[in-house]
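Let me begin by presenting the structure, written as structure tokens, before commenting on it.
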Amino acid sequence: MPSTERKVLLIDAGNTRVKGALSENGKEFNSVFNVPTDKFRLELLSPFSNLPMAVSSVVPEISKIIKGKFPKAFFVSQKLNLPIEINYKSELGADRISNMVGGLFYGSSFIVGSFGTATVIDIVVDRKFLGGYIFPGVETMVKALSRFTRKLPEVNITPSLNPGKSTEKCISSGIFVSTVGALSFVQRKFNLPTIVTGGYGRLIKGFLNRTALDENLTFRGIYRIFEINGGNSPQ
């Protein structure tokens with residue numbers, strides 16, 4: 001397996017935020033920027049232009065501008081040599097690939113729960129991707145209820161599994177229960193250890209058993225994929 005043995009700029013471009021971190025070993029990560037996706041500018045990358053760049057992006061516009069300025073940048077995709085067997089009928093998101101490969105740090109069989117704009121739950125058994133679940137993320141559900149109803153307000157989520165005694169608390173508990181309950185169901189169905197990441201990962205973890213929080217899971221996966229492929233993206 002090729003080894004980078006050098007500092008790499010890792011970029012995680014998601015629907016809500018774009019994050020950057022430096023790593024030399026795929027185990028320790030030094031955050032260098034974390035901005036809203038619509039505020040991302042190429043100037044953020046200028047201080048690191050002499051370093052290899054490895055990118056996981058689900059935002060086509062950001063992928064395009066990075067490729068335009070840094071044509072040698074490495075992009076995670078399903079076409080690469082991956083340490084997980086993937087048989088998927090459509091294009092699998094770079095974030096999901098990165099999170100599952102990052103999960104190999106914990107073993108060969110596990111569940112990954114990513115809690116961002118969308119909630120994504122993926123299952124890996126013996127390094128084989130079995131499939132997953134995608135549904136609206138916590139904040140997406142909050143905004144959807146407010147937008148598509150006439151009287152339900154946009155609320156702040158309080159982590160609680162108890163029934164609410166006001167409309168606001170009912171919405172908060174309902175959204176939180178649906179999110180925790182979905183992952184709990186998958187855990188019972190597959191009986192596997194779980195890694196959670198994303199904006200609500202820390203809150204979700206506190207309500208589940210056999211669950212680890214890894215806020216650098218995506219970076220961990222990006223680095224390992226970059227290393228396995230020697231920093232070379234498919235043409």
Query raised in the report: Considering only DSSP beta bridges whose two residues both sit in the chain, what percent are antiparallel, to the nearest 5?
Result: 65
Query raised in the report: For the chain, what relative contact order do you get, as a whole percent, if you take Cα pairs closer than 8 Å and at least 6 residues apart?
Result: 23
Report summary line: Mean separation of Cα contacts under 8 Å (at least 6 apart) over the residue count of segment 1-130, i.e. the relative contact order in percent, is 18
Query raised in the report: Where does each of Thr167, Thr211, Thr179 land when they are ranked from fewest to most other beta-carbon atoms within 10 angstrom?
Result: Thr167, Thr211, Thr179
Report summary line: Reviewing (i) 56, 40, 33; (ii) 61, 52, 29; (iii) 55, 51, 33, the figure for Cα extents along the principal axes in Å actually calculated from this model sits under (i)
Report task. Please sort by residue number the trypsin sites (Lys or Arg not before Pro) in segment 127-160 whose DSSP state is loop and whose Cβ has at most 11 other Cβ atoms within 10 Å. Result -> Arg150, Lys151
Report summary line: Calc'd 3J(HN,Hα), segment 98-103, phi into Karplus 6.51 cos²θ - 1.76 cosθ + 1.60 (θ = phi - 60°), Hz, glycine/Pro = x, comes to 4, 5, 5, 5, x, x
Report summary line: The set of residues whose placed amide H lies less than 5 Å from the amide H of Ala212, leaving out same-chain residues fewer than 5 positions away, is Thr194, Ile195, Val196
Query raised in the report: If the label point is 7 Å along Cα→Cβ of Arg6, which residues in segment 19-59 have backbone nitrogen under 15 Å from it?
Result: 23-25, 48-54
Report summary line: With x for Gly and Pro, the residue-by-residue ³J(HN,Hα) of segment 138-145, computed from phi through the Karplus equation 6.51 cos²θ - 1.76 cosθ + 1.60 at θ = phi - 60° and given in whole Hz, is 4, 5, 5, 5, 4, 5, 5, 4
Requested in this report: Compute the acute angle (0 to 90°) between the alpha-carbon long axis of helix 167-190 and the principal axis of greatest extent of the alpha-carbon atoms of the chain; round to the nearest 10°.
Outcome: 60
**Report entry** Euclidean distance between Cα centres, segment 161-235 to segment 29-57, Å
**Finding:** 24
Report task. Using DSSP to define loop residues, name the GluC sites (Glu not before Pro) in segment 118-186 whose beta-carbon has at most 13 other beta-carbon atoms within 10 Å. Result -> Glu154
Report task. Taking the Cβ of Thr117 as the centre, find all other residues whose Cβ is under 12 Å away and add up their charges (Lys, Arg: +1; Asp, Glu: -1). Result -> 0
Requested in this report: Subtract the Cα-Cα distance of Val35 and Ser146 from 0.36 nm times their separation in residues, and report this length gain in nm to one decimal.
Outcome: 37.4 nm
Query raised in the report: Can you put Glu227, Glu28 in order, fewest other beta carbons within 10 Å first?
Result: Glu28, Glu227
Query raised in the report: So which trypsin sites (Lys or Arg not before Pro) in segment 24-59 pass both tests, a DSSP loop state and at most 14 other Cβ atoms within 10 Å of the Cβ?
Result: Lys27, Arg41
Report task. Step through the residues of segment 150-162 one at a time and calculate ³J(HN,Hα) from phi using the Karplus curve (6.51 cos²θ - 1.76 cosθ + 1.60, θ = phi - 60°), rounding each to whole Hz and writing x for Gly and Pro. Result -> 8, 10, 7, x, 7, 10, 8, 7, 10, x, 7, 9, 7
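Values in this text are rule-based calculations from the coordinates and carry no lab data. Keep in mind it's a predicted model, so treat the numbers as computed, not measured. Neighbour counts run over all protein chains shown; Cβ positions are idealised from the backbone, glycine included.
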